[in-house]
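Read the structure below first, then the notes.
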Amino acid sequence: MMFVWQGLCLVLIALTVAGCLFQVASAALVRRFRRAPEPVPAARPPISVMKPLCGAEHGMAANLDSCLRQDYPRFQLVFGVADPADPALDVVKALPGDVEGAEIDWVADSARHGHNLKVGNLLNMWPKVRHDVIAIADSDIRVGPHYLDDLAAPFDDPKVGIVTCLYVGRPEPDLWSSLGAMGINHGFLPGAVLARAIGRKDGCFGATMAVRREVLEKGGGLAALSQVLADDWVLGRMVRDQGLEIVLAARPVDMNVHEPSLKTLLDHEIRWGRTIAAVDRTSYMASVITQPVALAALAVLAGGAWWPSVAALALAVLCRLWAVRVEERALGLPRCGLGLLGMREILSFVVYVVACCGRTVVWRGRRFAVRADGTLDQVEGSQT
C-alpha cells in the first residue's frame, strides 16, 4: 500500500512541476501582452455596439457612459431589456444624447427566443442594429476612449472574423468581489493568453465580441446561439467554420466585479467552469495543472509529508506568488494579501472539483441542465 501512495505522490509532484511552469510562462506572457503596441486602424467603419441589460448593476451608469465616450467618428449603442420596468432602462435614458458621432437606441421586449436569455434579448434588439460591424458587449465592462479603435484595427485583415477582448476584474471593496476579481486576473486571463501562445485560437470572450454582419448572418445569425450556454464559444466556432480567425483586441477592458455573497460567487464560477467543461471537457479536466499549490498540498497528504512533496509545495507557493505579483504589475492591480491569495487558491480548487462533477448551472435565478452539446434544458420548477 505504501508503494501505491508514493506512486500517487510522485504523479502529483510531476503535475505540480508542470503547474509551476504554467504559472511562470503565463505570467511572462501577460507582461508581454500588456507591453505590445496598440495598432491604429487603417479604416474606421461605423460600429453598432449591442448591450443586453438586466437590472441596474453596480457601476452601470459609469460603465455605459464609458462606451459612449469614444474617440471614434461614428457609432451606435443599442440597449435591450426584457421588462419595460427594468431599472436599467432608467440608466440608459439618463445618458447624454448629444455626444458627437454617437447614436443611442433601446428596446424593451419580453419575447423569448430559446433558453439563453441574453441571446433572446439580442434577438429583440437586432432590428435596431444599423451598421455592418457589430459588437456584442456585456453591461459590466468599462472601457477607454480607444475601445472602438481596438475593435476596428484587426478587421484591416480580411482573414479576421471576430475581434474579442480579454478583461481585467475590478472588484467592489468587499471580500467576495475581491476573490472573484482574483479568479479573473490570476486564473482566466493568464490562461487565455497562454492558450493563444501555444496555438489555441478558439477563445472568444463574451465581454466583447465584434463581428461583421455578413459573417454573422452566413453562420446562421444570433438565432443559432439561442439554445446554448456558451454563446461566445459557439459564435467563435461559427466564424472558424468559415475559415476566419479570432483575434484579441490590443487592450483588455475592465470588468466590474460585484459578488454580494459566497453563494453568488460560487454560482457564477461554477457556471463558468461547467460552460467550459460542456464544450471541451478534456481540456477542462487537464486544467488542473493550473493549480500547482493544491496539487502539491495533495501530494503532501498522500506522501505523509515526504520531503519531495514538501519541497514541491514550497516551489508551488513561490512560483504562484511570483506569478501573481508579475500579473499585478502588468495589469496595474493593487497587491493582494497572502491570506486573500490563500483563500483564492482553496476556492479555485473547490470550484474546479464541483464543476467537473455535474452539469447543472444557476443563471438569473433559473437552474439549467447543460447537455453534452452545450444546449440548455431548464430544470422544472427552478424559476425564482
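The distance separating the Cα centre of the stretch 99-151 from that of the stretch 219-240 comes to 16 Å. Here the gap between Leu175 and Lys218, fully extended at 0.36 nm per residue and compared with their Cα-Cα distance, gives a gain of 11.0 nm. The order of the peptides 78-88, 179-189 by mean Cβ neighbours within 10 Å, most packed first, is 179-189, 78-88.
Figure the gain on full extension for Ala369 and Asp157 (residue separation times 0.36 nm, minus the Cα-Cα span) and round it to one decimal in nm.
In short, 72.4 nm is gained.
In percent, rounded to a whole number, the relative contact order of the chain is 23, using alpha-carbon pairs under 8 Å and six or more apart.
Given Lys128/Lys218; Lys51/Lys218; Lys51/Lys263; Lys51/Lys159; Lys128/Lys201; Lys128/Lys159, which pairs have Cα atoms separated by over 24 Å?
Values: Lys128/Lys218 19 Å; Lys51/Lys218 22 Å; Lys51/Lys263 26 Å; Lys51/Lys159 26 Å; Lys128/Lys201 31 Å; Lys128/Lys159 27 Å.
Beyond 24 Å between Cα atoms: Lys51/Lys263; Lys51/Lys159; Lys128/Lys201; Lys128/Lys159.
Along the axis of the charge dipole computed for the stretch 38-260 (Cβ charges of +1 for Lys and Arg, -1 for Asp and Glu, origin at the Cα centre), the listed residues Leu77, Ala195, Val91 are led at the positive end by Ala195. The charge dipole of the chain, taken about its Cα centre with unit charges on the Cβ of Lys, Arg, Asp and Glu (plus for the first two, minus for the last two), comes to roughly 1000 debye. The ellipsoid that matches the Cα gyration tensor of the stretch 38-260 has semi-axes, each √(5λ) in whole angstrom, of 23, 22, 19, with the longest given first. As a rough footprinting exposure proxy, the listed residues Cys356, Cys67 were ranked by other beta carbons within 10 Å of their own, and the order from fewest upward is Cys356, Cys67. Extending 7 Å from Cα along the Cβ direction at Asp65 and again at Ala311 yields two label points whose distance is 5.7 nm. Each Cα pair under 8 Å and six or more residues apart adds its separation to the average, and for the stretch 38-260 the resulting relative contact order is 27 percent.
Between the listed residues His258, Trp307, Asn116, the Cα displaced farthest toward the positive end of the dipole of the chain, a dipole computed from Cβ unit charges relative to the Cα centre, is found at Trp307.
Could you sort 194-201, 219-226, 36-43 so that the peptide with the highest average Cβ count within 10 Å comes first and the rest follow in order?
Working: 194-201: 13.4, 219-226: 18.8, 36-43: 11.0.
Averaged packing, sorted descending, gives the order 219-226, 194-201, 36-43.
Derived from the Cα gyration tensor, the three semi-axes of the equivalent ellipsoid of the chain are 37, 23, 20 Å, largest first.
Determine the shape class of the stretch 90-134: with a ≥ b ≥ c the square roots of the Cα gyration tensor eigenvalues, call it rounded for a/c under 1.5, and otherwise prolate if a/b is greater than b/c, oblate otherwise.
Details: a/c = 3.18, a/b = 1.64, b/c = 1.94.
Oblate, since a/c reaches 1.5 and b/c is not below a/b.
Would you mind telling me the antiparallel percentage of the DSSP bridges in the chain, rounded to 5? Taking every DSSP beta bridge within the chain, about 40 percent pair in antiparallel fashion.
Which value, in debye to the nearest 20, describes the size of the charge dipole of the stretch 38-260 about its Cα centre when Lys and Arg Cβ atoms bear +1, Asp and Glu Cβ atoms bear -1, and nothing else is charged?
Values: 21 positive and 30 negative charges, 133 e Å.
Roughly 640 debye for the stretch 38-260.
Which of the peptides 147-157, 14-24 is most tightly packed, and how do the rest follow, judged by the mean count of other Cβ atoms within 10 Å per residue?
On the way: 147-157: 21.7, 14-24: 19.9.
Result, highest mean Cβ count within 10 Å first: 147-157, 14-24.
Throughout, read-outs are computed from the coordinates displayed, never taken from laboratory work. Note that the structure is a prediction, hence the values are computed from the model and not measured. For neighbour counting, all protein chains shown are included, and Cβ atoms are generated from backbone atoms with ideal geometry for every residue, glycine included.
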